[in-house]
Structures are given as structure tokens and as C-alpha cells.
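Let me begin by presenting the structure, written as C-alpha cells, before commenting on it.
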Amino acid sequence: MKITRHRKIIELINIHDIETQEELARMLIESGYNVTQATISRDIRELQLTKVAARDGKQKYVMLHTKPADMNEKYLRVLSDGFTGMEMAQNILVIKTVSGMAMAVAAALDELNFNEIVGCIAGDDTIMCAVRSVEDTFKLTGKINNILEIHTAK
């Protein structure tokens, strides 16, 4: 539960300019999480969130602690090396991979934190990605194609 709550917090702060712990708690409760002020405080500390100036002069929570650049490069390489194709079915993106690589590619997709993806289920050579909307599915396929073009050119 804690891991999914942390993912939701990261998602919320990436989408919204959240200024206070109370705002964050309200959004989590609206999303179905039963949280207290103490829980929010602990989550902020564990996720190493900090406040920065937002564009309207207010403050907002952000996550400054990021993975080293070489880790992102590894995930991009796994995606590129394992990918064989994809097909859109409304707000579901089905990704085909080299046999035995679906779990690794799905893990890479999770670590790359595409906001469009709600979750992935991986088999042996197929991943089903639940995407927020049809529009987001088009955005996601574009992002994946861009990654593949860049890594194919290397």
C-alpha cells in the first residue's frame, strides 16, 4: 500500500501544483487513500520532497531526488533492446517484446515514469499497458517511438 501511495503522490505532484500537506492529503483521500497528517509528513520525508517556487509565485512540492542519469539510460536501453512492436486498442497499449523480455521492458516503463501509464501487466513477450485516455495513448506511442528512434540511431 505504501509503494502505491508513494507512486500516487509522485503522480499528483507532477500533475498539480500542490502547496500544502493538507492539499496533498485531500487529493489522496479523493483518490481513495486513507491518510492522516502524520502519514503525509512521513511520506514527504521518505520521498525527499521539497518545495520550490511555482510559476504563480506560490510554492509547490517537487521531487528533487532523481535516479542517476546512467540508470535512466539503462532503462531506455532495455526498452529499445526488448521492443518489437506495439498496437493501440483505445486506452490500452499492447507492446510486443523479444521472447522473455516483457517483464524487463515493463519494469523499464514503470521506472521511466510515463504519466500516461496507469499500470502494466507483462507476460513472456507481451505487455498490456492501461493508459489514462485514448489521447494519452497517442502521446505515449509518440514518446516510445521517439525513444526508439534515438536509440536506434546510436
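The values are calculated or read from the model by the stated rules, or taken from the named source; none is laboratory data. None of the values given here were measured: they were computed from a predicted structure. Cβ atoms come from the backbone with ideal geometry, glycine included; neighbour counts cover every protein chain shown.
Contact map, segment 29-46: residues that are more than 10 Å from residue 8 (Cβ to Cβ) paired with residues that are assigned to a helix (DSSP H, G or I) and of a type in the set (S, T, N, Q), Cβ distance under 8 Å, separation 6+ or inter-chain. Pairs shown: 37/21; 40/21; 41/21; 44/21.
Look through segment 95-106, keep the residues that are over 25 Å from residue 15 (Cα atoms), in contact (Cβ under 8 Å) with a residue 24 or more places away in the chain and in contact with a strand residue (DSSP E or B) (Cβ under 7 Å, 6 or more places away or on another chain), and return whichever of them is surrounded by the fewest Cβ atoms within 10 Å (Cβ to Cβ). Steps first, please.
Our first condition is that a residue be over 25 Å from residue 15 (Cα atoms); within segment 95-106, this holds for 95-104.
Of the ones still in play, those that are also in contact (Cβ under 8 Å) with a residue 24 or more places away in the chain are 95-102, 104.
Then keep just the ones that are in contact with a strand residue (DSSP E or B) (Cβ under 7 Å, 6 or more places away or on another chain); that gives 95-98, 102.
Details: 95: 25, 96: 17, 97: 25, 98: 14, 102: 22.
Step by step, filter segment 95-106, then rank; the result is 98.
Given the structure, is residue 45 basic (Lys, Arg), within 28 Å of residue 23 (Cβ to Cβ) and surrounded by fewer than 16 Cβ atoms within 10 Å (Cβ to Cβ)? Answer is yes for this residue. Candidates in segment 92-122 are the residues that are part of a loop (DSSP other than H, G, I, E, B) and under 16 Å from the mean Cα position of the chain (by Cα); of these, the one that is modelled with the highest pLDDT is 116. Only a single criterion out of (1) in the same structural domain as residue 133 (by TED's automatic domain parsing); (2) part of a helix (DSSP H, G or I) is not satisfied by residue 26, namely (1). Residue 78 passes every criterion in (1) touching a residue at least 40 places away in the same chain (Cβ under 8 Å); (2) assigned by TED's automatic domain parsing to the domain that holds residue 118; (3) β-branched (Val, Ile, Thr) apart from (1). Taking first residues from segment 107-122 that are surrounded by fewer than 19 Cβ atoms within 10 Å (Cβ to Cβ) and partners that are in a loop (DSSP other than H, G, I, E, B) and at pLDDT below 90, the Cβ contacts under 9 Å between residues at least 6 apart in sequence or on separate chains come to 111/67. When segment 1-23 is limited to residues that are part of a loop (DSSP other than H, G, I, E, B) and of a type in the set (Val, Ile, Thr), the one that is surrounded by the fewest Cβ atoms within 10 Å (Cβ to Cβ) turns out to be 20. Residue count for segment 123-146 under the criterion of being in a helix (DSSP H, G or I) and surrounded by fewer than 17 Cβ atoms within 10 Å (Cβ to Cβ): the result is 8. Residues in segment 51-69 that are exposed (fewer than 13 other Cβ atoms within 10 Å of the Cβ) and either in a strand (DSSP E or B) or in contact (Cβ under 8 Å) with a residue 60 or more places away in the chain (or both): 52, 53.
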